[in-house]
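Student: Below you'll find the structure I mean.
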Amino acid sequence: QLRLVEPGGGLVQPGGSLRLSCAASGFTLDYYTIGWFRQAPGKEREGVSCISSSSSSTNYADSVKGRFTISRDDAKNTVYLQMNSLKPEDTAIYYCAAALSFSLAPYEYDYWGQGTQVTVSS
């Protein structure tokens with residue numbers, strides 16, 4: 001069965017770091033663009049970052065540039081989102097998703113994980 005799982009969420013203080021993982025089962029991520037999205041209470045889901053299947057291209061939302069880094073390890077069938085210098089406004093449910101095109105538009109993504117809660121608070 002196709003499945004995406006996002007371990008790594010949790011509670012962190014402002015200025016701290018977390019690393020999220022997106023692990024696939026039932027299919028390989030090699031041929032997909034993988035994106036990270038987030039949705040905070042009362043807000044629309046927004047694209048955070050994505051990485052192409054070849055790792056040749058990455059994209060980041062302006063709000064996370066310089067703080068977040070996306071990477072992939074195809075041997076482990078896993079994509080990571082390293083989040084540094086976290087701010088309270090980064091608090092959201094974070095989702096990973098797989099698409100056949102390079103985009104941060106949610107409608108381009110075919111497979112979605114269940115999401116993981118990230119809370120940034122003192």
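Student: To the nearest 0.05, how large is the calculated FRET efficiency for residue 71 and residue 110 if R₀ is 22 Å and r is the Cβ-Cβ distance?
Tutor: Taking R0 as 22 Å, the efficiency between residue 71 and residue 110 is 0.55.
Student: Between segment 98-122 and segment 8-49, how far is it from one alpha carbon centroid to the other, in angstrom?
Tutor: The two parts, judged by their Cα centres, are 6 Å apart.
Student: Give a quick list of trypsin sites (Lys or Arg not before Pro) in segment 18-122 that DSSP marks as loop, anything other than H, G, I, E or B, with at most 16 other Cβ atoms within 10 Å.
Tutor: Here the sparse-neighbourhood loop sites are 43, 45, 65, 67.
Student: Could you pull out every residue, at least 5 positions away or on a different chain, whose amide H is within less than 5 Å of the one on residue 78? Hs are placed 1.01 Å off N in the peptide plane, and Pro or chain starts have none.
Tutor: Sorted by chain and number, the residues that satisfy this are 73.
Student: Further, regarding this structure: Can you pull the percent of the chain's accessible area that's carbon plus sulfur, 1.4 Å probe, other chains left in place?
Tutor: Working: 2840 of 6190 Å².
That fraction is 46 percent.
Student: How about the chain: what cysteines have no other cysteine beta carbon under 4.7 Å from their own?
Tutor: Here 50 come out as lacking a disulfide-compatible partner, given the Cβ-Cβ threshold of under 4.7 Å.
Student: In addition: Quick one: 3J(HN,Hα) in Hz for segment 52-57, Karplus 6.51/-1.76/1.60 with θ = phi - 60°, rounded, Gly and Pro as x.
Tutor: Rounded to whole hertz, the list is 6, 4, 8, 6, 7, 9.
Student: Something else now. I'd like the Karplus ³J(HN,Hα) series for segment 40-48: coefficients 6.51, -1.76, 1.60, θ = phi - 60°, whole numbers in Hz, and an x wherever there's a Gly or Pro.
Tutor: Coupling constants for segment 40-48: 8, x, x, 10, 6, 5, 10, x, 9 Hz.
Student: Check cross-link reach from residue 43 to the lysines: straight Cα distance under 22 Å, and skip same-chain residues fewer than eight apart.
Tutor: Within reach: 65, 87.
Student: Something else now. Over the chain, how many percent of alpha carbon pairs lie in each 5 Å bin up to the one with the longest distance?
Tutor: 2, 13, 24, 26, 20, 10, 4, 1
Student: Sticking with this structure for a sec: Would you mind checking which residues have amide H under 5 Å from residue 59's amide H? H placed 1.01 Å from N; only 5 or more apart, or other chain.
Tutor: Those lying under 5 Å, H to H, from residue 59 are 50.
Student: For a quick check: with amide H placed at 1.01 Å from N, whose amide H comes under 5 Å from residue 87's, ignoring anything fewer than 5 positions away on the same chain?
Tutor: Residues meeting the amide H criterion: 15.
Student: Are there chymotrypsin sites (Phe, Trp or Tyr not before Pro) in segment 8-37 that DSSP puts in a loop and that have at most 13 other Cβ atoms within 10 Å, and which ones?
Tutor: Within segment 8-37, the qualifying chymotrypsin sites (Phe, Trp or Tyr not before Pro) (loop, at most 13 other Cβ atoms within 10 Å) are 31.
The values are calculated or read from the model by the stated rules, or taken from the named source; none is laboratory data. From a predicted model like this one, the values you see are computed outputs, not experimental measurements. Backbone-built Cβ (ideal geometry, glycine too); neighbour counts: all protein chains shown. Remember, those area values only see protein heavy atoms, side chains included, never the ligands or the DNA or RNA. Shrake-Rupley method; radii C 1.70, N 1.55, O 1.52, S 1.80 Å.
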